[in-house]
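K.L.:
Shown below is the structure under consideration.
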Amino acid sequence: MFFLSQASEIVQVTITDSYSFMQNIIGISLGTRLLGIAIVYDGTLYDFRVRTFYGSWNETKRSKIIAAIRKAIEQYAITALVIKIPRPKHRSLRIQELQDDIRQLSEQLGIKLTICTINCLRDRYNGNTRPNKRVLVESIISKYPQHRQLAKLNVREHNSRRAYHIKIFEAIACVERELRTEQ
């Protein structure tokens, strides 16, 4: 069952036996070259990383991306999947294909799938300030002080001219979004 919520996100609800607060969630910032992944296992942020898929687009690359997602889902017994997709004007046919593949994978495995955009994620972190990714990143770093690596990645991201590690923060924001809606 699919429906469009007011926050411009598509939510697919797959009926499963039970959901609890301490569920295992994977957040993914989707791209055709970079894939940000964050995993909450037993209610705590357990793992986060960027996976890079080099080369031009082809079926092999597409299947490698889906295989990486499937492996993480099976390894951590994921019960909910949240993906962040680019804005519509930046969304290519390749992203749409990946989104469809992930939707099929979630239906096949019987897990909840939520699809959202960066606007949905930024609005949750930006109180009265102007929404931007910097506020989102700072909020995530302050929420997880035990993960010093996040602060280091933020400095590296800030000093470089390429947006690479932002995918990790977007994936963590996806997971946070799902945790808030499940409470």
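The values are calculated or read from the model by the stated rules, or taken from the named source; none is laboratory data. All figures in this text were calculated on a predicted structure; none of them were measured in a lab. Reconstructed Cβ throughout: ideal geometry from the backbone, glycine too, with neighbour counts over all protein chains shown.
K.L.:
Among what's in region 44-64 and is closer than 26 Å to residue 144 by Cβ and free of Cβ contacts under 8 Å to residues at least 60 places away in the same chain, pick the residue that is surrounded by the most Cβ atoms within 10 Å (Cβ to Cβ). First the steps, then the outcome.
P.N.:
Restricting attention to region 44-64, the residues satisfying the condition of being closer than 26 Å to residue 144 by Cβ are 44-52.
Filter again for free of Cβ contacts under 8 Å to residues at least 60 places away in the same chain, leaving 44, 46-47, 51-52.
On the way: 44: 10, 46: 14, 47: 13, 51: 17, 52: 10.
Taking the candidates together, the pick is 51.
K.L.:
Any residue in region 118-132 that's farther than 15 Å from residue 180 by Cβ: show its pairings with residues that are in a loop (DSSP other than H, G, I, E, B) and modelled with pLDDT of 70 or more at Cβ separation under 9 Å, as long as the two are six or more apart or on different chains.
P.N.:
Listed by first residue and then by second, the contacts come to 118/85; 118/86; 118/87; 119/87.
K.L.:
Among (1) among the aliphatic types (A, V, I, L, M); (2) touching a strand residue (DSSP E or B) at 6+ places or on another chain (Cβ under 9 Å); (3) at pLDDT 95 or above, where does residue 35 come up short?
P.N.:
With respect to (1) among the aliphatic types (A, V, I, L, M); (2) touching a strand residue (DSSP E or B) at 6+ places or on another chain (Cβ under 9 Å); (3) at pLDDT 95 or above, residue 35 is out only on (3).
K.L.:
Tell me, please, whether a residue that is at pLDDT 90 or above, among the hydroxyl-bearing types (Ser, Thr, Tyr) and in contact with a helix residue (DSSP H, G or I) (Cβ under 8 Å, 6 or more places away or on another chain) can be found in region 89-110.
P.N.:
no
K.L.:
Another question, then. Given the criteria of a type in the set (A, V, I, L, M, F, W, C) and modelled with pLDDT of 95 or more, does residue 77 qualify?
P.N.:
Details: of a type in the set (A, V, I, L, M, F, W, C): yes; modelled with pLDDT of 95 or more: no.
Spelling it out, it is not the case that residue 77 is of a type in the set (A, V, I, L, M, F, W, C) and modelled with pLDDT of 95 or more.
K.L.:
Which fully enclosed strands (runs of 3 or more DSSP E) of region 25-134 have 1 or more residues being among the polar types (S, T, N, Q)?
P.N.:
Values: elements: 25-29, 34-41, 44-52, 80-84, 112-116.
Answer list for region 25-134: 25-29, 44-52, 112-116.
Rundown of residues vs (1) closer than 23 Å to residue 52 by Cβ; (2) of a type outside the set (A, V, I, L, M); (3) at pLDDT 75 or above; (4) out of contact with any helix residue (DSSP H, G or I) (no Cβ under 8 Å at 6 or more places or on another chain), yes/no style:
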{"site": "129", "(1), (2), (3), (4)": "no, yes, no, no"}
{"site": "134", "(1), (2), (3), (4)": "no, yes, yes, yes"}
{"site": "141", "(1), (2), (3), (4)": "yes, no, yes, no"}
{"site": "152", "(1), (2), (3), (4)": "yes, yes, yes, yes"}
{"site": "163", "(1), (2), (3), (4)": "yes, no, no, no"}
{"site": "169", "(1), (2), (3), (4)": "yes, yes, yes, no"}
{"site": "176", "(1), (2), (3), (4)": "no, yes, yes, no"}
